[in-house]
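One structure is given here, and the rest of the page talks about it.
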Amino acid sequence: MNEPGTVVLHLLVRGRVQGVGYRGWSEHEATRLGLQGWVRNRVGGAVEIVVAGPAEHVEAFVAACRRGPFRARVDDIAIDQATARELEHRRPGERFSV
C-alpha cells in the first residue's frame, strides 16, 4: 500500500468508547469510505485504530471518529502518522479487521 496520495494514521480514541459499539461502528465507517485498517480495544478504556486510504477519505473518517456512534462520548483522539507495515495486524483477507 504505497499508492500516491495514500495516508496511514494511528488513532487512539479516549472517552466512553468501549461497550458502546465503537469498534463495529468504526468498521462500518471505514468500509463505507473504502478504507483499510483495523480497530481494537485497549486496556484502560481507549480504542486504537489504524486506518489507510486516500487523504480526503481518511480525513472524513477521523472527523466521524470525533463524533462516534450514538452512545459514545469522545473526549480526545491522539493522531499520529503510521506506516503501511502497521496494516499487517489485520486478519488475512480482510480490508478492515475488528
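Every number here is computed from the coordinates shown, using simple stated rules; none is lab data. Nothing here was measured: the structure is a model prediction, and the numbers come from that model. All Cβ positions, even for glycine, are placed from backbone atoms using ideal geometry, and neighbour counts span all protein chains on display.
Listing for the model above:
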| item | result |
| --- | --- |
| Rg [Å, one decimal], Dmax [Å, integer] - the chain, C-alpha atoms | 12.3, 37 |
| Positive-end extreme of charge dipole, the range 6-84 - chosen from Gln18, Gly37, Ile77 (charges on Cβ) | Gln18 |
| Dipole magnitude of the chain about its Cα centre (Cβ charges: Lys, Arg +1; Asp, Glu -1), debye to nearest 20 | 480 |
| Net charge contributed by nearby residues that have their C-beta within less than 10 Å of Arg16 (K/R +1, D/E -1) | +2 |
